[in-house]
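See below for the structure under consideration.
The values are calculated or read from the model by the stated rules, or taken from the named source; none is laboratory data. Note that the coordinates shown come from a computational prediction; the quantities given were computed from them, not determined experimentally. Here the Cβ positions follow ideal geometry from the backbone for every residue, glycine too, while neighbour counts run over all protein chains shown.
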């Protein structure tokens, strides 16, 4: 095997990594050695990169798995997933840095038939007999004009060396280069912040599970035209609370003989803080309604106990929402309350999901998230500091009548400015979060949905009655 011969040669390397025995590369020119892995071989500054793509072979699917990100209006987004924001600070820099301005090492071979041996077969054109080990990772960088800056295929690691076999896409010559293929990722979940809530377990103070049934009926509206009327049949709402500094959760409105299971609430908080999205959809009331999260008359929502109005705005005005699979409300120590509304998914949606490259398999659920701010729950707001009361007046010595005190005036906290500043910051947090959630809604796994919507039987247990012995 050719690789075995190269391994033997590497065993006697005593100089820099770009050295290679002349006998190994005697069938090809060495004029390109030391040239950068860029189009034209010239140095490219990172700010010229405006889009990039990573393609990796998926041996299970027997197909190439690729993902492209691009910079749009100053933000790195994923076009194939409705321009959802990419985790630009980490992944984009790592990907571009893995191949940008890296010099080519020694020429290994220009024989196309040897590409499988070095693992540099193009994943976009693998042929019919290529194996996983023979197919490389392809990385392409473009500038704002669409011109290629870098387009390389990275193969196997050179034995006993910290370099890899590489070749320029659409060119036969294979070189060594100090690229970094381990940072190259091609799945949606690896390019985004998969936790849509970004809420830490220790910051959660309340949980409210609110299942309900939605009934729609057609009635005669104004002018004799048919209209749809929605009504809500609430089911039992479960509300759990945990005060700051408390070690355990408690349940409100327990039924007789009922007790909250010790680990049930902790499991629910772990599920909330560990929630992972598997796909996204652009936000609009039409998109939501088609997936079981429907605009509703505010009076219908008012049928839900403790739910709030959940007022949402778009270009058509304000509206409230109800979800086919109910809701979960998560309250945090900074006064934010997250409304998680659970919808459904259809067979046709599964087909669309697979087409878009999102995670295939399993039953997934749609979920929309909204936020409101409740200052009375915000632990960042300092307690009011009231001024000391002046001493009560006393009658002069020898006076026959008692002194009538002046009516007390309301006390203004001395730290009112600090209290208002903390509340303004809470309002700003909620506004920022709401703007984020009204750009997209999410696809989550059905397993996560079930963890976020446990039944009463999973949360509570019956306390055995004890009777005095005779």
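Of all residues in the stretch 33-52, those that are in contact (Cβ under 8 Å) with a residue 24 or more places away in the chain and not in a loop (DSSP other than H, G, I, E, B) total 6. Take the stretch 242-254 and flag every residue that is surrounded by 15 or more Cβ atoms within 10 Å (Cβ to Cβ) and within 15 Å of residue 202 (Cβ to Cβ). Within the stretch 242-254, 242, 249 meet the criteria.
Sort out which residues of the stretch 289-318 are in a helix (DSSP H, G or I), touching a strand residue (DSSP E or B) at 6+ places or on another chain (Cβ under 8 Å) and either closer than 27 Å to residue 190 by Cβ or free of Cβ contacts under 8 Å to residues at least 12 places away in the same chain (or both), and write them in order of number. Across the stretch 289-318, the qualifying residue is only 289.
Within the stretch 127-149, the set of residues being assigned to a loop (DSSP other than H, G, I, E, B) and either under 20 Å from residue 52 (Cβ atoms) or touching a helix residue (DSSP H, G or I) at 6+ places or on another chain (Cβ under 8 Å) (or both) comprises 130, 131, 136, 143, 144, 145, 146, 147.
The residues of the stretch 256-269 that are within 22 Å of residue 331 (Cβ to Cβ) and either without any contact (Cβ under 8 Å) to a residue 12 or more places away in the chain or in a loop (DSSP other than H, G, I, E, B) (or both), listed by number, are 261, 262, 263. May I ask you to verify whether residue 272 is in contact (Cβ under 8 Å) with a residue 40 or more places away in the chain and assigned to a strand (DSSP E or B)? So residue 272 does not fit the description; no. Considering the conditions (1) modelled with pLDDT of 95 or more; (2) more than 22 Å from residue 44 (Cα to Cα); (3) not in a helix (DSSP H, G or I), residue 115 is excluded by exactly one of them, (3).
Quick check on my filter: what residues within the stretch 53-69 are within 20 Å of the chain's Cα centre (by Cα) and without any contact (Cβ under 8 Å) to a residue 60 or more places away in the chain? Listed by number, the list holds a single entry, 68.
Being within 21 Å of residue 68 (Cα to Cα) and in a loop (DSSP other than H, G, I, E, B) is the filter here; which residues of the stretch 168-194 pass it?
Selection gives 169, 170, 179, 180, 184, 185, 186, 187, 191, 192, 193, 194.
Total residues in the stretch 97-111 satisfying the condition of being touching a helix residue (DSSP H, G or I) at 6+ places or on another chain (Cβ under 8 Å) and buried (at least 19 other Cβ atoms within 10 Å of the Cβ): the figure is 6. Is it the case that residue 152 is in contact (Cβ under 8 Å) with a residue 24 or more places away in the chain, under 30 Å from residue 441 (Cα atoms) and part of a strand (DSSP E or B)? No, not satisfied.
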